[in-house]
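As structure tokens, the structure follows; a few thoughts come after it.
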Amino acid sequence: MSTLHQIRQGFSKAWDSFTEGWREFRDLAGDALTRFQPKTARGDVETAEDRIVSRASRWGLLAAEVADNDDSVQVMLEAPGLDAEDFDIEVRDDILVVRGEKKLAREETRGQYHVMERAYGQFERAIRLPSAVEDDGAKANYRAGVLTIILPKSRTARPRRIAVDRK
Amino acid sequence: MQMVRYNPWGVGELQNEINRLFSNWGDTESSGATAGWVPSVDIQEFDTRFQLYVDVPGVDPDAVDITLDNGVLTISGERGLPAMPEGEKMVHRRSERGQGQFHRRFILPDTVDAEKVKATDRHGVLEISIPKQAKAQPRRIKVAA
């Protein structure tokens, strides 16, 4: 086998593994890739915080897990480093919208950043649910950086059992 | 005023971010080749210490292993499927979360004090504080009047 042939084969292998990796990445995390916007209209004066946030990554992965049973839908969203009150959760039929803002803690603004991969600012993530839900009776909690939301399914979306009369 | 290049679609920016996401997999500093997912990290330097923030949502802090050996800081651990508090009857409809092992490696200057590394967990973010040795800290010199 010629060297050129080997190089070619190596390249096509690398390309295959790249495209495969890309497809896998897109399937798995395409929806999780969320844009983070630095908060604007804070005034004319640029604060140290604004400057750091503007340098940070604009995209973060907010990975969601969605599961359901007959009665309810459960969504778990990974959003580390926020506080429970930073979230704004809204539901419209079968779409769940989670908004939030990841703030830079004051102490963090003083030092010099060498690596900045985590995204800061405002974000919005919409998740399509497997069925329509009711916002009445919805529950949410935030633990270990994971937001868990449990939504009861709307009456029409629940499977109904019909008993057969025995005579 | 800061000049920003006109970029109507933001494509270049997205491209950069995607390249960054990919370059994390299998580069020398992290060797993510066998990793199931790669946590994002911020590293910040203060006068007296380095501070790392590592995003590890849903990971039990006790299951994270932090070692500092010859100036190489390694953070590793593993996570499985998230627990379903509502019982076993739940059926998964969508799963975006990376699973399995993770590890990241960083080379720190040899002025750090390996004995005094501290780590805490706050809302899924691991905060690791690595103090510098006293001799590496900046000193103020007073000018004699």
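The values are calculated or read from the model by the stated rules, or taken from the named source; none is laboratory data. Note that this is a predicted model, so its numbers are computed, not measured. For neighbour counting, all protein chains shown are included, and Cβ atoms are generated from backbone atoms with ideal geometry for every residue, glycine included.
What strands (runs of 3 or more DSSP E) completely inside the range A:79-134 contain at least 3 residues that are out of contact with any Cys (no Cβ under 7 Å at 6 or more places or on another chain), within 12 Å of another protein chain (Cβ to nearest Cβ) and more than 22 Å from B:S95 (Cβ to Cβ)?
Details: elements: A:87-92, A:95-102, A:112-116, A:121-128.
So the answer is A:112-116.
Looking for whichever is in the same structural domain as A:A67 (by TED's automatic domain parsing), modelled with pLDDT under 85 and on the phi < 0 side of the Ramachandran plot here; the options are A:R118, A:R106. Which one fits?
Numbers: A:R118 fails: modelled with pLDDT under 85.
Result of the check over A:R118, A:R106: A:R106.
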Given (1) surrounded by 13 or more Cβ atoms within 10 Å (Cβ to Cβ); (2) within 10 Å of another protein chain (Cβ to nearest Cβ), index of the condition B:V91 fails: (1)
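To keep it simple, each residue is scored yes or no on (1) more than 13 Å from the chain's Cα centre (by Cα); (2) more than 26 Å from B:P39 (Cα to Cα).
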{"site": "A:V91", "(1), (2)": "yes, yes"}
{"site": "A:E101", "(1), (2)": "no, no"}
{"site": "A:E108", "(1), (2)": "yes, no"}
{"site": "A:D135", "(1), (2)": "yes, yes"}
{"site": "A:K139", "(1), (2)": "yes, yes"}
{"site": "A:R160", "(1), (2)": "yes, yes"}
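What are the residues in the range A:53-71 that are more than 7 Å from every other protein chain (Cβ to nearest Cβ), in contact with a strand residue (DSSP E or B) (Cβ under 7 Å, 6 or more places away or on another chain) and not in a loop (DSSP other than H, G, I, E, B), if any? Steps first, please.
We begin by selecting, within the range A:53-71, every residue more than 7 Å from every other protein chain (Cβ to nearest Cβ); these are A:53-56, A:60-62, A:70-71.
Subsequent filtering for residues that are in contact with a strand residue (DSSP E or B) (Cβ under 7 Å, 6 or more places away or on another chain) retains A:53, A:55-56, A:60-62, A:71.
The answer is A:V53, A:R55, A:G60, A:L61.
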Please verify whether B:V59 is part of a strand (DSSP E or B) and either touching a residue at least 60 places away in the same chain (Cβ under 8 Å) or of a type in the set (S, T, Y) (or both), treating the condition exactly as stated. no
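Might you let me know whether the range B:69-83 holds any residue that is part of a loop (DSSP other than H, G, I, E, B), of a type in the set (A, V, I, L, M, F, W, C) and modelled with pLDDT of 90 or more? If you could, list the steps in order and put the result at the bottom.
Pass one, the range B:69-83, residues part of a loop (DSSP other than H, G, I, E, B): B:70-71, B:80-83.
Filter again for of a type in the set (A, V, I, L, M, F, W, C), leaving B:81, B:83.
Okay, now just the ones that are also modelled with pLDDT of 90 or more, so none.
Checked the range B:69-83: no residue is part of a loop (DSSP other than H, G, I, E, B), of a type in the set (A, V, I, L, M, F, W, C) and modelled with pLDDT of 90 or more.
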Considering every residue within the range B:84-99, establish whether at least one is within 16 Å of the chain's Cα centre (by Cα) and at pLDDT 85 or above. no
Return the pairs, sorted by first residue and then second, in which the second residue is basic (K, R) and surrounded by fewer than 19 Cβ atoms within 10 Å (Cβ to Cβ), the first residue lies in the range A:139-166 and is within 11 Å of another protein chain (Cβ to nearest Cβ) and within 24 Å of A:I95 (Cβ to Cβ), the beta carbons are less than 6 Å apart, and the residues are 6+ apart or on different chains. A:I150/A:K139
If I filter the range A:90-113 down to residues being under 17 Å from A:F36 (Cβ atoms) and among the acidic types (D, E), which single residue comes out as surrounded by the most Cβ atoms within 10 Å (Cβ to Cβ)? A:E108
